[in-house]
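**Student:** First the structure, then my questions, so here it is.
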Amino acid sequence: TFILCFMCLFAVKCWSEPRIRLNSGAPVGTDVILDSGSPLHLICEGDGPVTWFPRLAKQKRFISKEIGNVRSFYVDIATADFTGTYKCIYMNGNDSNESSSVHVFVRDPRILFVSPSTSLRYVRKEGEDLTLPCLLTDPNATDFTFRMDNGSAVPYGMNVTFDPRKGVLIRNVHPGFNADYICSARIKGVEKVSKIFSINIIQREFH
């Protein structure tokens, strides 16, 4: 602690993590849960100029102009697409590498998973890891499964872990995994499925 304080005294800038709060003024924890149609208003304040990084690049238009060292992310009517992790960082990375983030769940009774609007076809080399972004919009969902689109179980040897904030992580992919897959879960007893993810693994060449 003494060394850190000593460094801060003589450093050009020694800033703390940006502070995230809701419009109500209350600081946020790691998660925010909203219903679809509600306003989403996140406020970030730092020791210097800050900005937001939402999940989707197209959502950057909802970032306000900075007022001092404060910047907001404001949406009048949030939809399920606004589910995701929002990161607040200092604008000049050379000044501070500190950052803060919050994950937002926007619950929609019709939509339980959100995925990128771009192509859901994933090409990887054999042995790499692959994350399929089927994010849950409601943390209260149960009975999560990951399976082939034709209803079959995943191939033997597939190492799958699920994070409701990030999606499905498949480690050490193999050409035998080439297929179409879906995520599914239940909310209030009703099963909902994600969009279809197509996986194409390129076989490693041996010389």
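The values are calculated or read from the model by the stated rules, or taken from the named source; none is laboratory data. Keep in mind that this is a model prediction, so the values were computed, not measured. We place every Cβ from the backbone using ideal geometry, glycine too, and count neighbours over all the protein chains shown.
**Student:** May I ask you to say which residue of SER115, SER64, SER119, SER72 is among the small types (Gly, Ala, Ser) and touching a residue at least 60 places away in the same chain (Cβ under 8 Å)?
**Tutor:** Values: SER64 fails: touching a residue at least 60 places away in the same chain (Cβ under 8 Å); SER119 fails: touching a residue at least 60 places away in the same chain (Cβ under 8 Å); SER72 fails: touching a residue at least 60 places away in the same chain (Cβ under 8 Å).
So the residue among SER115, SER64, SER119, SER72 that is among the small types (Gly, Ala, Ser) and touching a residue at least 60 places away in the same chain (Cβ under 8 Å) is SER115.
**Student:** Return only the number of the condition from (1) assigned by TED's automatic domain parsing to the domain that holds GLU45; (2) touching a helix residue (DSSP H, G or I) at 6+ places or on another chain (Cβ under 8 Å) that MET158 does not satisfy.
**Tutor:** (1)
The rows are residues; the columns are (1) modelled with pLDDT under 95; (2) of a type in the set (Ser, Thr, Tyr).
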| position | (1), (2) |
| --- | --- |
| TYR74 | yes, yes |
| GLY84 | yes, no |
| ASN94 | yes, no |
| VAL102 | yes, no |
| SER119 | yes, yes |
| THR137 | no, yes |
| MET148 | no, no |
| GLY157 | yes, no |
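**Student:** A further question follows. Look at segment 176-190 and say how many of its residues are loosely packed, with under 13 Cβ neighbours inside 10 Å and either of a type in the set (A, V, I, L, M) or modelled with pLDDT of 95 or more (or both).
**Tutor:** Of all residues in segment 176-190, those loosely packed, with under 13 Cβ neighbours inside 10 Å come to 188-190.
From the residues that got through so far, the ones that are either of a type in the set (A, V, I, L, M) or modelled with pLDDT of 95 or more (or both) too are 190.
Going through segment 176-190 one residue at a time, the tally reaches 1.
**Student:** Right, another one. Taking strands (runs of 3 or more DSSP E) that fall entirely within segment 154-207, which contain at least 2 residues that are touching a residue at least 40 places away in the same chain (Cβ under 8 Å)? Break it down into steps so the answer makes sense when it comes.
**Tutor:** Working: elements: 159-163, 167-171, 179-187, 190-193, 197-202.
Per the criteria, 167-171, 179-187, 190-193, 197-202.
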